[in-house]
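The values are calculated or read from the model by the stated rules, or taken from the named source; none is laboratory data. Everything numeric here is computed off the predicted structure, so don't read it as measured data. Neighbour counts run over all protein chains shown; Cβ positions are idealised from the backbone, glycine included.
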Amino acid sequence: MLSRRLAVLSTSVIRSSIRSKPILTFPSVQFHPSQLPHSSNSDATFIPNAFVDSLGFRAYSLLSLNDLRDNIPRKKPTRKGRGIGSGKGKTAGRGHKGQRARKGSKLGFEGGQTPLRRRMPKRGFKNPFSLTFQPVGLGKIAWLINAGKIDSSELITMKTLKDTGAIGKQIKDGVRLMGRGAEQIQWPIHLEVSRVTVRAKAAVEAAGGSVRRVYYNKLGFQALLKPEWFEKKGRLLPKAARPPPKQKDKVDSIDSLIPAEAFLSAGHYHTTCPNAEGIISQTVAAWVKKDPTLAPSIIRLHFHDCAIRGCDASILLNHQGSERSAFNSKTLRGFQLIDEIKAQIEKRCPKIVSCADILTAAARDATILAGGPFWEVPFGRKDGKISLESEASLVPHGHENITGLLEFFKERGLDILDLVTLSGSHTIGRTTCYSFIDRLYNFNGTKKPDPLLSFSFLKLLRKRCKGVMDLVFLDVITPRTFDITYYTNLKRKAGLLSTDQSLFSDARTAPFVEAFATQPFLFTSQFAVSMVKLGNVQVLARPNEGEIRVNCNYVNK
């Protein structure tokens, strides 16, 4: 304000001084109206005072030397602390110690008032309560169904869409079903998603299907997609959470995280087919009496079924490209026994008992006939509709290490104790020399036998294996008795398969082998517990899951 007043005052003084002084005239200089700077009229007359007034503005500059300065820099210079020895102060003033105190406030600081990003919500503001849904079009779902990756007869959940690749790796708050490709949906499908557009819902319902909007909170949604994470951490699945009041009208129901095995029960067929267990046990006993080697084959068939896609009788499907046609499944036996049991039950109770339940109960009865323990089988499984030959190679075949086996079992909800216990089923049964021939002559490419084999056992195996398809008992001491000799053989370096002997050589599993080798009751009781857990692996028991096959070899038409 002071500088403005000084400028006005200096201007008035200059004007008055010019007007008070006489104007010097030069005879040699003549002014013409056209030469006047502000005249456009040829008849204009020259007014000395007006010309002097204009010269007062043009002849004198208001700029002073003390106002001259260099270009203003964009960044203020940082004054470094000079230290005590410099004599210029320890921290160079401006606040207390530290570079930050000397440099100034941080970027975006407006002196303590409400910052711009909060004053203007539309610019620089993000609602922390907003939900982000992953879009999935009906066209992509139809393509996955045609490719055989999704079964249209089963309930399609958000986990199904995630596992089949319909959604990317990240799902933040759920899935929104879009109407893109709605014309490709020409058969009834049933879906569970977070949100659905009007066009998508109309297209699904027009084809005879249904769409249900389900609410999941953050923890519940994680439990839906990765339930194994909770078991790995030793935590229980979270309870179903109620939606907030503002979202109640946007969902049809809350989440359902009840494990599938909760739908199983020992009395599932007590009213619908009370003779089912009797038919199974009697038929298994008759077949095993004729061929005792069939008992371990049924147990192995049950394990191969549960190891791939869960216990859904997918191993029984007989078509080109199924698990049954894989190379690892060539030595599986017991299919005719399951077919006879199913035929007898269908005469008494048509379309009631699933093939998965028949195979699970037959494995229990085969164990009892071999001298093993009894356990109650929870029933209520349903049969799957997908069986892929490429997935059969995932089943362990005797060459894996302990770490790989532990990972395989953990993915199916089984732990290290279940691994050692279920391996004890090798106390009965046979295998081909192809499964362990490398241990006899060229172990791991060393052109030497496996050092974990005892010399006497090595000599015996070389004598019995004249060809790779010759059969050898897994337990050469008591090959047809369900006992603990399998574990005592491991302590004597007489384990047939490489995976068997590794149970005793690995420090993680050796203590369990030691315990089972000396306590028969401990092994038999734990074997019953582990077999129940095996029979509950990834079962299809919820509503709208699986089917009850009429013929175990084929999917229902």
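Among residues that are of a type in the set (Phe, Trp, Tyr), exposed (fewer than 10 other Cβ atoms within 10 Å of the Cβ) and over 19 Å from Asn544 (Cβ atoms), Phe109 is not included. Scanning for something closer than 27 Å to Leu534 by Cβ and surrounded by fewer than 16 Cβ atoms within 10 Å (Cβ to Cβ), does region 435-451 turn up at least one residue? The answer is no; no qualifying residue exists.
The condition (being among the hydroxyl-bearing types (Ser, Thr, Tyr), modelled with pLDDT of 95 or more, in the same structural domain as Asp312 (by the TED database) and part of a helix (DSSP H, G or I)) is satisfied by just one residue among Thr367, Thr403: Thr367. Of all residues in region 465-477, those satisfying the criterion of being in contact with a helix residue (DSSP H, G or I) (Cβ under 6 Å, 6 or more places away or on another chain) and either over 20 Å from Ser505 (Cα atoms) or part of a helix (DSSP H, G or I) (or both) are Cys465, Val468, Asp470, Val472, Ile477. Each residue in region 309-353 was checked for being within 17 Å of Ala363 (Cβ to Cβ), of a type in the set (A, V, I, L, M, F, W, C) and part of a loop (DSSP other than H, G, I, E, B), and 4 pass. Screening Val251 against (1) modelled with pLDDT under 95; (2) assigned by the TED database to the domain that holds Glu407; (3) surrounded by fewer than 20 Cβ atoms within 10 Å (Cβ to Cβ); (4) among the aliphatic types (A, V, I, L, M) leaves a single unmet condition, (2).
Between Lys557, Lys493, which is in a loop (DSSP other than H, G, I, E, B), charged (D, E, K, R) and without any contact (Cβ under 8 Å) to a residue 24 or more places away in the chain? The unique qualifying residue is Lys557. For Ile484, all conditions in the list (1) out of contact with any Phe, Trp or Tyr (no Cβ under 6 Å at 6 or more places or on another chain); (2) closer than 20 Å to Ala366 by Cβ hold save one; what is the number of the exception? Of (1) out of contact with any Phe, Trp or Tyr (no Cβ under 6 Å at 6 or more places or on another chain); (2) closer than 20 Å to Ala366 by Cβ, only one is false for Ile484: (1). Among the residues of region 179-228 satisfying the criterion of being surrounded by fewer than 20 Cβ atoms within 10 Å (Cβ to Cβ) and among the polar types (S, T, N, Q), which is farthest from Ser152 (Cα to Cα)? That would be Asn217. In region 255-273 there is at least one residue that is outside any loop (DSSP other than H, G, I, E, B), acidic (Asp, Glu) and either at pLDDT 70 or above or under 29 Å from Ile352 (Cα atoms) (or both). Would it be correct to say that Arg508 is in a loop (DSSP other than H, G, I, E, B) and assigned by the TED database to the domain that holds Ile341? Judged against the criteria, Arg508 is a match. Does Asp483 satisfy being under 18 Å from Phe443 (Cα atoms) and surrounded by 14 or more Cβ atoms within 10 Å (Cβ to Cβ)? No, not satisfied. For region 382-393, state whether one or more residues are within 30 Å of Thr164 (Cα to Cα), of a type in the set (Asp, Glu) and surrounded by fewer than 17 Cβ atoms within 10 Å (Cβ to Cβ). Yes. Counted as qualifying within region 415-464 are the helices (runs of 4 or more DSSP H) with 2 or more residues that are over 19 Å from Glu400 (Cα atoms) and not acidic (Asp, Glu), namely 455-464.
Yes/no matrix, rows are residues, columns are (1) out of contact with any helix residue (DSSP H, G or I) (no Cβ under 7 Å at 6 or more places or on another chain); (2) touching a residue at least 12 places away in the same chain (Cβ under 8 Å):
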{"residue": "Asn127", "(1), (2)": "yes, no"}
{"residue": "Gly137", "(1), (2)": "yes, yes"}
{"residue": "Met158", "(1), (2)": "no, yes"}
{"residue": "Arg180", "(1), (2)": "no, yes"}
{"residue": "Ile189", "(1), (2)": "no, yes"}
{"residue": "Val196", "(1), (2)": "yes, yes"}
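Scanning region 165-202 for residues that are of a type in the set (S, T, N, Q) and out of contact with any strand residue (DSSP E or B) (no Cβ under 8 Å at 6 or more places or on another chain) yields a total of 2.
Any residue at all in region 471-478 that's on the phi > 0 side of the Ramachandran plot, assigned by the TED database to the domain that holds Pro511 and either surrounded by 13 or more Cβ atoms within 10 Å (Cβ to Cβ) or touching a residue at least 24 places away in the same chain (Cβ under 8 Å) (or both)? Checking region 471-478: not a single residue is on the phi > 0 side of the Ramachandran plot, assigned by the TED database to the domain that holds Pro511 and either surrounded by 13 or more Cβ atoms within 10 Å (Cβ to Cβ) or touching a residue at least 24 places away in the same chain (Cβ under 8 Å) (or both). Look at (1) over 23 Å from Val529 (Cβ atoms); (2) part of a helix (DSSP H, G or I); (3) at pLDDT 95 or above and you find that Ala356 fails only one, number (1).
Kindly evaluate Ile358 against the criterion of being closer than 25 Å to Thr421 by Cα and β-branched (Val, Ile, Thr). Yes; evaluated as a whole, the condition is true for this residue.
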